[in-house]
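Derivation of every value follows stated rules applied to the coordinates shown; laboratory data play no part. Only a predicted model underlies this, so the values are computations on that prediction, with no experimental measurement involved. With ideal geometry, Cβ positions are generated from the backbone for all residues, glycine too; neighbour counts draw on all protein chains shown.
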Amino acid sequence: MIKGYTWGFFSGTGGFTTTEAEKSMEYLASLGLNWICIPVNCFQEAFYSLNVFSLFGRTQTDEEVRFAIRKAKSLGLKVCLKPMVDCLDRSWRARINFPSENGDYWKAWFASYTRFMLHYARLAESEKCEMLCTGCEMAGMDSQASYCRRLIEDVRKVYTGTIMHNINHGDEFRFPWLTDVDIIGISAYYPVSEPGDNSLDTMRRKWAEHRERVKKCSEHFGKPVMFAEIGVRNERGCTMYPWDFRNRPETPSDEQEQADFYRSAMETMWDEPYFRGFFWWDWKAVLPPPEKAHENRDFTIYGKAAEAVLKEWYTTR
């Protein structure tokens, strides 16, 4: 079982190597983790751009990535390296797409993306990372089966660890080339409550329905599945739309709803034989003062009720 968490997303240049970042990872590891997912942030200008690039000030340097990996390993954690592309025009990366009638666009984009991924595949190999994520929520890219198969083939030439590819919930049966990876990762932002009913029993019932879809995904591709991203904010009602990152100041905070989301997900999936585990979203590289933790309404569970739930499951199971 991968008892993991994603750490340090959007930390920016210099964000991984501070004393605060080390303390953040140490605290996270103390919750019972055996894995950590370390994202690296790279960019393209817009959803229709053809070049993926690192950006000074926002992309972690290779030295910083190596520092974070080595820190994680010193804490006894296995590492998934997750290079991620975001669009500077704020388009969701799933929207990266090009007209199908002109194959030159996809050819140029995949040439750039492959260079990007092979750079980090070599870094992951040299640092003995146990897992590499080759893409995250990129439905446009994932629809290009022949290019994706070639990407995985090229990655395997330089990286010998486990290859995981992260699709979005709702895309569990769309991409036939997923037979080429080792683990299918799902961004499991499944809605698990209803208007006026965010009870734990309702969440359990909803998760049981989603579990059947996840099981069928595993059977369809003949591959194990994990939740490569999963989480919810501590804002009342968020379990109806866990993917939503927007703060609604007029809506009250609700740490119990967030904690129940964690509990119901782990209760439902933990013992499934095809299921490999969790990379919860997301733990900050810089934590607020403990007395301020409850004021945070983001996905992080630091200092919130869900932290105790995670620690219970990760340290006793």
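The figures follow:
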| item | result |
| --- | --- |
| Which listed residue, of Ala208, Ala228, is crowded, with 20+ Cβ neighbours inside 10 Å, among the small types (Gly, Ala, Ser) and in contact (Cβ under 8 Å) with a residue 60 or more places away in the chain | Ala228 |
| Residue in the stretch 240-256 that is small (Gly, Ala, Ser), out of contact with any Leu (no Cβ under 7 Å at 6 or more places or on another chain) and part of a helix (DSSP H, G or I) present | no |
| Those residues of the stretch 230-239 which are within 20 Å of the chain's Cα centre (by Cα) and assigned to a loop (DSSP other than H, G, I, E, B), in sequence order | Gly231, Val232, Arg233, Asn234 |
| Residue count, the stretch 234-266 (criterion: closer than 19 Å to Leu33 by Cβ and charged (D, E, K, R)) | 1 |
| Selection count, the stretch 168-187, where residues are closer than 16 Å to Cys80 by Cα and assigned to a strand (DSSP E or B) | 5 |
| Selection status of Thr268, among the hydroxyl-bearing types (Ser, Thr, Tyr) and either part of a loop (DSSP other than H, G, I, E, B) or surrounded by fewer than 17 Cβ atoms within 10 Å (Cβ to Cβ) (or both) | no |
| Residues located in the stretch 147-167, provided they are part of a helix (DSSP H, G or I) and in contact (Cβ under 8 Å) with a residue 60 or more places away in the chain | none |
| Count - residues of the stretch 123-135 that are in a helix (DSSP H, G or I) and either surrounded by fewer than 15 Cβ atoms within 10 Å (Cβ to Cβ) or aromatic (Phe, Trp, Tyr) (or both) | 1 |
| Unmet criterion (only one of (1) without any contact (Cβ under 8 Å) to a residue 60 or more places away in the chain; (2) closer than 18 Å to Tyr241 by Cα; (3) buried (at least 21 other Cβ atoms within 10 Å of the Cβ); (4) over 18 Å from the mean Cα position of the chain (by Cα)) for Pro195 | (3) |
| Which numbered condition Glu257 fails, given (1) closer than 30 Å to His165 by Cβ; (2) surrounded by 20 or more Cβ atoms within 10 Å (Cβ to Cβ) | (1) |
| Qualifying residue in the stretch 269-280 (condition: in contact with a Leu (Cβ under 9 Å, 6 or more places away or on another chain), farther than 24 Å from Pro191 by Cβ and not β-branched (Val, Ile, Thr)) | no |
| Unmet requirement for Phe173, which otherwise passes all of (1) closer than 21 Å to Ile230 by Cα; (2) crowded, with 19+ Cβ neighbours inside 10 Å | (2) |
| Residue count, the stretch 200-227 (criterion: of a type in the set (Ser, Thr, Tyr) and touching an Asp or Glu at 6+ places or on another chain (Cβ under 8 Å)) | 1 |
| Condition broken by Phe110, with the remaining ones in (1) part of a helix (DSSP H, G or I); (2) buried (at least 18 other Cβ atoms within 10 Å of the Cβ); (3) within 19 Å of the chain's Cα centre (by Cα) satisfied | (3) |
| Residue match in the stretch 60-70 (condition: among the aliphatic types (A, V, I, L, M), within 20 Å of Thr6 (Cβ to Cβ), assigned to a loop (DSSP other than H, G, I, E, B) and touching an Asp or Glu at 6+ places or on another chain (Cβ under 8 Å)) | no |
| Test for Asn41: is it assigned to a loop (DSSP other than H, G, I, E, B) and either polar (S, T, N, Q) or surrounded by 19 or more Cβ atoms within 10 Å (Cβ to Cβ) (or both) | no |
| All positions within the stretch 2-29 that are assigned to a loop (DSSP other than H, G, I, E, B), hydroxyl-bearing (Ser, Thr, Tyr) and free of Cβ contacts under 8 Å to residues at least 60 places away in the same chain | Thr13, Thr17 |
| Residue in the stretch 279-295 that is surrounded by fewer than 19 Cβ atoms within 10 Å (Cβ to Cβ), in a loop (DSSP other than H, G, I, E, B) and of a type outside the set (A, V, I, L, M) present | yes |
